[in-house]
1. Kindly provide the GluC sites (Glu not before Pro) of the stretch 64-148 that DSSP labels as loop, not H, G, I, E or B, and whose Cβ sees at most 14 other Cβ atoms within 10 Å.
2. Can you compute log10 of I(q)/I(0) for the chain with the Debye formula, treating each Cα as one identical point scatterer, at q = 0.09, 0.19 Å⁻¹?
3. How high is the relative contact order of the chain, in percent, counting Cα pairs under 8 Å that sit 6 or more residues apart?
4. What ranking do I40, I141 get, fewest neighbouring Cβ atoms within 10 angstrom at the top?
5. Between S143 and L12, what is the label-point separation in nm under the 7 Å Cα-to-beta-carbon projection?
6. What does the helix-only formula give at 222 nm for the chain: each DSSP H stretch with n ≥ 4 adding -39500 (n - 2.57), the total divided by the residues, and the result rounded to the nearest 500 deg cm²/dmol?
7. Which residue, chosen from G33, P84, A58, occupies the Cα position most advanced towards the positive end of the dipole of the stretch 20-148, where the dipole is computed from +1 (Lys, Arg) and -1 (Asp, Glu) charges on Cβ about the Cα centre?
8. Kindly put H17, H44 in sequence by how many other C-beta atoms sit within 10 Å of each C-beta, fewest to most.
Amino acid sequence: MAGTARRGRSDLARSAHAGRRLALASVFEAEFGQRTASAILERHLAEIDPDPATAQLARRLVEIVTERRAEIDALIERVAPQYPVVQLARMDRALLRCGIGEVLHSATTPARVAIAEWVELARTYSGDPARRLTNGVLGRIASERPGA
């Protein structure tokens, strides 16, 4: 039974990681202006046919970023004024937008888990400076949340 529970958590973590990567790829690709992040995500989902949990998280993150982009960008500008959103690399902007969206608007993921995941994605896809920026911005935003 314990092995099954562990495997279940492992599968959920794998699904969540895959969902974050899909959301990030979609938000990043949308930065080039050819299609919306939602349309890009649906194309990715059709190509890989992921499990339902992966697709659900990816859709939720893209929806949050799309609907709250101005609010998220204002938070970035306030928390890290030395990094104007328009001057950030596209990947760094996508990482921060998705990470902030999850930290602030996910009812199911603890902030510290979301921060750790987005910091790791920043390290993987953008490098150490982006990892530090992502950690600092998300950590500060999480600490300022009501009830944090």
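1. Loop-located and lightly packed - none at all.
2. Debye output, listed in q order: -0.26, -1.14.
3. Reported relative contact order: 20 percent.
4. Ascending number of Cβ neighbours within 10 Å: I40, I141.
5. 2.9 nm
6. Numbers: 7 runs with 116 residues, N = 148.
One gets -26000 deg cm²/dmol as the mean residue ellipticity at 222 nm.
7. Projecting each Cα onto the dipole axis, the largest value belongs to P84.
8. H17, H44
All of the numbers you see were taken from the coordinates with simple rules; none came from a lab. Predicted, not measured: the structure shown is a model, and the values here were computed from it. Here the Cβ is made from the backbone with ideal geometry for all residues, glycine too, and neighbour counts use every protein chain on show.
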